[in-house]
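The values are calculated or read from the model by the stated rules, or taken from the named source; none is laboratory data. Please read these numbers as outputs of a predicted model, since none were measured by experiment. Reconstructed Cβ throughout: ideal geometry from the backbone, glycine too, with neighbour counts over all protein chains shown. To get the accessible areas, we keep the full protein, side chains included, count just its heavy atoms, and leave off ligands, DNA and RNA. Shrake-Rupley method; radii C 1.70, N 1.55, O 1.52, S 1.80 Å.
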Amino acid sequence: LGEQIFFLEEVGGYLLFLADDGTHGYELWRTDGTSAGTVMVKDLNPSGDGATNDYYGSLLAKPIGSYVYFVGNDGTYDFDPGSETWTPMNIWKSDGTSTGTVKVTNFGSGQDFNVPVYLTSAGDTLFFFQNMELWKIDYPDQAPAFVFNFTVPYNPIGFEVPRILGPWLVVDDNLLLRREMPMPNAKEPGDDYEELWITDGTT
């Protein structure tokens, strides 16, 4: 299964993970601990990678109910250089079967982000980020809901801050995360500090 496998999670008596078998690209796989029981769950994108290992942050969340949630590409992922916007990847859920692997978000073209990142399960809520915006999906699969915008109005030095850092920590169904910020008198990269934030899923 290629050089690496990513983000192992257990659901329904199987271990689910993302891997590349050298033929299908990165896809969702499962195993029952035997060679014969190690199979691809679903080929989301027959023409390429149906999942990704190229982005920071967890892309396969711990189970909620009988499902794991992951970032998948069914072949629609694309960038439009004319409008400089994305048709981003979407969030999928899987119970370890092909028929039980379905898309739960419907991000279409014209978006200003390409991949939802930092998928994290807290209780019955799935949290994720789109750029500097925190979003959530409440189980069982309500529509994605905006929670909070971590953007600051002005970045005096134009470096890669502010930004959200992972991995995140879950305590008593609350989500703890870090935001990296420029120092008030920052003059060069590295002149920054970190803040600790906590959310219960409400603004």
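Results, tabulated for the structure shown:
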quantity	calculated
D (Stokes-Einstein, µm²/s), Kirkwood Cα radius, the range 34-117, 1.306 mPa s at 10 °C	115 µm²/s
Accessible surface of the chain, 1.4 Å probe, proportion on carbon and sulfur as whole %	50 percent
Among 96, 142, 85 - extreme Cα towards positive end, dipole of the chain, charges at beta-carbon	142
Scattering profile of the range 19-80 at q = 0.18, 0.21, 0.25 Å⁻¹ [log10 I(q)/I(0), Debye over alpha-carbon scatterers]	-0.72, -0.94, -1.18
Residues of the range 114-131 with amide N under 18 Å of a point placed 7 Å along Cα→Cβ from residue 195	129-131
With at most 15 other Cβ atoms within 10 Å, longest stretch of the chain clear of loop GluC sites (Glu not before Pro) (DSSP)	4-83
GNM top mover of 120, 151, 52 - the chain, alpha-carbon springs below 10 Å	151
Label-to-label distance, nm, for residues given as residue 103 and residue 34 (7 Å Cα→Cβ offset)	3.5 nm
Extent along principal axes [Cα atoms of the range 102-203; Å; largest to smallest]	47, 36, 20
For the range 20-124, size of Cβ-based charge dipole, Lys and Arg +1, Asp and Glu -1, in debye	400 debye
Cβ-based net charge around residue 95, under 13 Å, with every Lys or Arg adding one and every Asp or Glu removing one	0
Accessible area in square angstrom per residue, the chain, 1.4 angstrom probe	51 Å²
Within-13-Å neighbourhood charge of residue 198 [Cβ basis; K, R +1; D, E -1]	-2
Label-point gap, in nm, between residue 10 and residue 171 - each point 7 angstrom along Cα→Cβ	2.6 nm
Principal semi-axes in Å for the range 1-141 [√(5λ), Cα gyration tensor, largest first]	24, 19, 12
